[in-house]
Amino acid sequence: MILRAAITGSSGYLGQQLMARLGADPDCEFILGLDIRRQAIELPCAAEFLRFDMTAPWELLEEFWTRLGINAGVH
């Protein structure tokens with residue numbers, strides 16, 4: 001299965017470590033990073049960052065999850 005993941009807290013230490021590890025996996029096609037601050041990271045797979053406060057309504061993410069074909073989320 002091809003992984004297209006969304007990761008909350010993507011700018012923190014654990015989020016950065018997870019993104020690096022998943023990004024290096026050949027089965028990971030795309031990562032969407034979500035956080036209130038941006039921390040740039042080079043990934044071997046396609047990636048996008050969305051500045052998002054997780055206390056905001058999750059319905060605001062529906063467009064991104066659908067458009068990007070996200071099939072896994074990590075919070």
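The values are calculated or read from the model by the stated rules, or taken from the named source; none is laboratory data. Just so it is clear, the model here is predicted, and its values are computed rather than measured. As a convention, Cβ positions derive from the backbone with ideal geometry for all residues, glycine included, and neighbour counts pool all protein chains shown. Side chains are part of the model used for accessible areas, which takes the heavy atoms of the whole protein and leaves out ligands, DNA and RNA. Shrake-Rupley method; radii C 1.70, N 1.55, O 1.52, S 1.80 Å.
Observations on the structure shown:
- Looking only at residues of the stretch 18-28 that are of a type in the set (A, V, I, L, M, F, W, C) and surrounded by 12 or more Cβ atoms within 10 Å (Cβ to Cβ), we find that the one that is nearest to the chain's Cα centre (by Cα) is MET19.
- Just one of the numbered conditions (1) over 16 Å from ALA72 (Cβ atoms); (2) surrounded by 15 or more Cβ atoms within 10 Å (Cβ to Cβ); (3) of a type outside the set (Asp, Glu); (4) in contact with a helix residue (DSSP H, G or I) (Cβ under 7 Å, 6 or more places away or on another chain) is not true of ILE31: (1).
- Among the residues making up the stretch 1-57, a single one is among the hydroxyl-bearing types (Ser, Thr, Tyr) and in contact (Cβ under 8 Å) with a residue 40 or more places away in the chain: THR8.
- Near pairs, Cβ below 9 angstrom, 6+ apart or cross-chain, from the stretch 58-72 (under 14 Å from GLU29 (Cα atoms)) to any residue that is open to solvent by 100 Å² or more (accessible area, probe 1.4 Å) and among the hydrophobic types (A, V, I, L, M, F, W, C): ASN71/MET1
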